[in-house]
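Down below is the structure, laid out as structure tokens.
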Amino acid sequence: MAYQNITAEIEQLPDGPEIGALFDFDGTIISGYSIFSFFEEQLKRGHMSPRDFVEFLSVLASFGLGILGYPALMLAASQFLRGVSEDSYARFADHVFRSHIAKQIYPETRALIEAHEKKGHTVAIISSATPYQVAPAARSLDIEHVLCSELIVEDGVFTGAVKRPVCFGHGKVLAAEKLAEAHDVDLEQSYFYSDSTDDLEL
């Protein structure tokens, strides 16, 4: 069986939803960062001017250099969506998934997810990205639980604000604890998959 070398441990685990299998998204379920696919498609469609794109890259660089924290990065990125209809953006997100992100899913991670699902474990994605980036992939992988950074919507449109706390660093720990409490998951027996030292706290 393909990838049996990385699923063998999972196959020896007990069955049941009390074991959680929590996955980071960008760099873990998919190669690279989904936000770039979104901005590339927005630029291609003329939804974002070249000046906006350069401004976004500047914000990313500030984050990379440690000048901006992740909450500030999220707030800056969400400004590009102010006044946009959530429904239209969700449709756009489905298109980005089909045209870009679906082919970025690691087959190894897919095998891990399927192995946990066969054991009846509680599988979830806990990501600092938004649901618009993550939910289409979760649906394709039959993952029910998605815990992400949330954007504030009023009257069906984005306000440009971000719900606190964002799902990053300690925010991911809070999300995991909330999931565990709601679904009787024993975090001591559970698994968390990530590519980043930003997730060491979880």
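The values are calculated or read from the model by the stated rules, or taken from the named source; none is laboratory data. Here the structure is a predicted model, which is why all the values come from computation and not from measurement. Reconstructed Cβ throughout: ideal geometry from the backbone, glycine too, with neighbour counts over all protein chains shown. Side chains are part of the model used for accessible areas, which takes the heavy atoms of the whole protein and leaves out ligands, DNA and RNA. Shrake-Rupley method; radii C 1.70, N 1.55, O 1.52, S 1.80 Å.
Given the criteria open to solvent by less than 20 Å² (accessible area, probe 1.4 Å), under 30 Å from Tyr3 (Cβ atoms), out of contact with any strand residue (DSSP E or B) (no Cβ under 9 Å at 6 or more places or on another chain) and not hydroxyl-bearing (Ser, Thr, Tyr), does Ala93 qualify? Don't jump to the end; show me each part of the working.
Details: open to solvent by less than 20 Å² (accessible area, probe 1.4 Å): yes; under 30 Å from Tyr3 (Cβ atoms): yes; out of contact with any strand residue (DSSP E or B) (no Cβ under 9 Å at 6 or more places or on another chain): yes; not hydroxyl-bearing (Ser, Thr, Tyr): yes.
Answer is yes for this residue.
Considering only residues that are among the hydrophobic types (A, V, I, L, M, F, W, C) and out of contact with any Ser or Thr (no Cβ under 7 Å at 6 or more places or on another chain), look in the range 24-45 and name the one that is most open to solvent (accessible area, probe 1.4 Å). Explain how you work it out, then say what you get.
We begin by selecting, within the range 24-45, every residue among the hydrophobic types (A, V, I, L, M, F, W, C); these are 25, 29-30, 35-36, 38-39, 43.
Filter again for out of contact with any Ser or Thr (no Cβ under 7 Å at 6 or more places or on another chain), leaving 30, 35-36, 38-39, 43.
On the way: Ile30: 0, Ile35: 43, Phe36: 90, Phe38: 2, Phe39: 8, Leu43: 61 Å².
Per the criteria, the residue is Phe36.
Could you list, in sequence order, all residues of the range 69-89 that are in a loop (DSSP other than H, G, I, E, B) and open to solvent by less than 50 Å² (accessible area, probe 1.4 Å)?
Looking only at the range 69-89, we keep the residues that are in a loop (DSSP other than H, G, I, E, B), and these are 69, 82-84.
Answer for the range 69-89, where residues must be in a loop (DSSP other than H, G, I, E, B) and open to solvent by less than 50 Å² (accessible area, probe 1.4 Å): Gly69, Val84.
What about Ser85, is it in contact (Cβ under 8 Å) with a residue 40 or more places away in the chain and out of contact with any helix residue (DSSP H, G or I) (no Cβ under 6 Å at 6 or more places or on another chain)? Steps first, answer last, please.
Numbers: in contact (Cβ under 8 Å) with a residue 40 or more places away in the chain: yes; out of contact with any helix residue (DSSP H, G or I) (no Cβ under 6 Å at 6 or more places or on another chain): yes.
For Ser85, the condition - in contact (Cβ under 8 Å) with a residue 40 or more places away in the chain and out of contact with any helix residue (DSSP H, G or I) (no Cβ under 6 Å at 6 or more places or on another chain) - is met.
Looking at the range 17-29, can you tell me whether even one residue there is in contact with a strand residue (DSSP E or B) (Cβ under 6 Å, 6 or more places away or on another chain), assigned to a strand (DSSP E or B), hydrophobic (A, V, I, L, M, F, W, C) and under 22 Å from Arg91 (Cα atoms)? So that I can check it myself, show each step before the final result.
Pass one, the range 17-29, residues in contact with a strand residue (DSSP E or B) (Cβ under 6 Å, 6 or more places away or on another chain): 17, 20-23, 25, 28-29.
Those still in the list that are assigned to a strand (DSSP E or B) too: 20-23.
Pick out the ones that are also hydrophobic (A, V, I, L, M, F, W, C) and you get 21-23.
Now restrict to residues that are under 22 Å from Arg91 (Cα atoms): none.
No, because not a single residue in the range 17-29 is in contact with a strand residue (DSSP E or B) (Cβ under 6 Å, 6 or more places away or on another chain), assigned to a strand (DSSP E or B), hydrophobic (A, V, I, L, M, F, W, C) and under 22 Å from Arg91 (Cα atoms).
Go through (1) in contact (Cβ under 8 Å) with a residue 40 or more places away in the chain; (2) closer than 21 Å to Ser127 by Cα; (3) outside any loop (DSSP other than H, G, I, E, B) one by one and return the number of the condition Gly32 breaks.
That leaves (3) as the condition not met.
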